[in-house]
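Computed from the coordinates by the stated procedures, all read-outs in this text should not be read as laboratory data. Bear in mind the structure is a predicted one, so any value in this text is a computation, not a measurement.
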Amino acid sequence: MLSTVRDLGAAVRRARRVAGLSQQALADRAGVSRQWLSRLESGKGPSAELGKALDVLAALGLAVDLVAAPRPEALDDDPFAGLFEDGS
């Protein structure tokens, strides 16, 4: 699970290497600069534009799957908290 910009960057770097792409090749494919991609991969771009990050993931054939993280206080009160989206 990715929970930080550094985690996202490491995942992008891993996927890029598995795909056999250089930073420049991936940057060209995603429509971002190599410098921007380098900052994303190093986790030094916490203000990275989400749209560009999604373009990079799409260029690698990856997608983001968002899951709700349980709230610790809700888990203490109700063991079934978070199981139902509508709160029922």
(message) Can you give me the long-range amide H partners of V32? Hydrogens built in the peptide plane at 1.01 Å from N, cutoff under 5 Å, separation of 5 or more residues or another chain.
(response) none
(request) Over the alpha-carbon set of the stretch 1-61, divide Rg by the Kirkwood Rh and report the Rg/Rh ratio to two decimals. (result) 0.91
